[in-house]
Amino acid sequence: MSENQNQVMKQEHAGFPWKQVIGLVLSLALTFLALWIAVGLSLPVHVTLTIIVGLAIFQAFIQLFMFMHVTEGTEPVHQVIGILFGIYVAFAVVAGTIWILAYTI
Amino acid sequence: MMDSLLSQKNKSTLPLEYSTEEGDLRIVGFWIFLAAELVLFGTLFGTYLVLQSHTAGGPNAHDLFEIGPVMAETIVLLVSSFTCGLSTMELRRHNNKGLIGWLIITILLGLVFVGLEANEFYTYAAHEGATLSTSAFLSGFFILLGTHGCHVSLGIVWIIGILLQLRKRGITPVTARKAFMVGLYWHFLDVVWIFIFTAVYLTGWVI
């Protein structure tokens with residue numbers, strides 16, 4: 001773990017910001033892929049929705065790891081647990097609300 | 001034993017913003033704040049998604065949303081998240097000029113985003129008669145996007161404050177921690193936008 005972080009630090013100190021550029025390219029690619037799937041293709045609605053939500057979650061994790069350094073710090077487990085709990089509550093709120101109030105499909 | 005291991009790890013491998021215990025704790029605290037923000041936006045997303053179909057005879061998502069402006073906003077915000085990531089990288093290199101430069105580019109992109117969003121809202125309200133009180137769908141839409149837009153505007157003001165401190169004091173453990181935290185905030189707003197793009201715009205075009 002600490003060796004890994006060491007390497008990450010060295011990479012960040014040296015030269016070209018590969019991590020950030022890869023993050024940007026992946027984010028843009030995923031955004032346009034999602035747009036194409038939603039607007040360009042005509043898949044069944046629930047299939048499209050599942051795919052684009054999956055792509056959004058993937059893109060959020062790219063931000064979290066490539067830009068936000070979520071696993072950094074003296075005890076990264078604290079913030080990781082905090083964020084995971086936040087994701088859990090937000091997911092429960094959104095999914096629960098839709099399930100209870102919009103369950104007509 | 002445990003203590004000595006931790007302090008060794010502290011000093012040798014961690015960036016400046018974690019170098020004091022206070023800075024370290026405040027960054028963890030900021031992550032907890034972001035988790036709470038996530039829940040706040042979760043409630044707004046839940047509300048919007050339920051009310052999406054309640055258009056009350058007013059315009060629906062299909063009538064309103066246009067691909068061009070939406071993609072422009074998305075790309076501007078994604079690129080600003082990238083330039084903000086570059087500012088954190090310059091922070092790690094202890095390059096104050098680079099840090100300030102990338103933060104300025106980030107707020108300029110942020111201003112473009114806020115301008116595009118304001119123009120989008122204006123177009124809806126002035127040309128389509130779609131206002132906050134037109135329908136439950138539009139109430140949910142304006143509240144969700146307005147809350148995000150307010151956060152971005154606040155982020156711009158916050159970054160300007162950090163820029164003034166960086167110019168005056170340079171990179172110290174305190175200003176490094178502040179610059180890192182405002183970066184986290186900015187990336188978080190990009191994460192929220194990714195879900196707005198997906199759940200509001202893409203979903204609106206699909207359904």
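The values are calculated or read from the model by the stated rules, or taken from the named source; none is laboratory data. What you see is a predicted model; the values in this text were computed from it and never measured. FYI the Cβ positions are ideal-geometry reconstructions off the backbone, even for glycines, and counts take in every protein chain you see.
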**Study point:** Of all residues making up the stretch B:48-75, the number that are at pLDDT below 90 and within 17 Å of B:His148 (Cα to Cα)
**Key:** 0
Study note, to complete from the structure: From the option list B:Leu202, B:Leu163, single residue qualifying as crowded, with 23+ Cβ neighbours inside 10 Å, assigned to a helix (DSSP H, G or I) and not aromatic (Phe, Trp, Tyr) is B:Leu202
Check your understanding: Can you name every residue in the stretch A:67-85 that is within 29 Å of A:Trp18 (Cβ to Cβ) and within 7 Å of another protein chain (Cβ to nearest Cβ)?
Key -> A:Phe67, A:Met68, A:Gly73, A:Thr74, A:His78, A:Gln79, A:Gly82, A:Ile83
Practice item. Go through (1) within 16 Å of B:Thr203 (Cβ to Cβ); (2) in a helix (DSSP H, G or I) one by one and return the number of the condition B:Trp31 breaks. Key: (1)
Study note, to complete from the structure: Only unsatisfied item for B:Leu16, checking (1) at pLDDT below 90; (2) within 10 Å of chain A (Cβ to nearest Cβ); (3) surrounded by 15 or more Cβ atoms within 10 Å (Cβ to Cβ), is (2)
Practice item. Mind listing just one residue for me: the one in the stretch A:26-56 that is within 14 Å of B:Ile207 (Cβ to Cβ) and either touching a Pro at 6+ places or on another chain (Cβ under 7 Å) or not β-branched (Val, Ile, Thr) (or both) and, of those, nearest to the other protein chains (Cβ to nearest Cβ)? Key: A:Ala38
**Study point:** Candidate set: the stretch B:96-106, residues that are surrounded by fewer than 24 Cβ atoms within 10 Å (Cβ to Cβ) and touching a residue at least 40 places away in the same chain (Cβ under 8 Å); chosen: the one farthest from B:Tyr185 (Cα to Cα)
**Key:** B:Asn96
Check your understanding: Out of the stretch B:166-199, which residues are surrounded by fewer than 17 Cβ atoms within 10 Å (Cβ to Cβ) and touching a Leu at 6+ places or on another chain (Cβ under 6 Å)?
Key -> B:Pro173
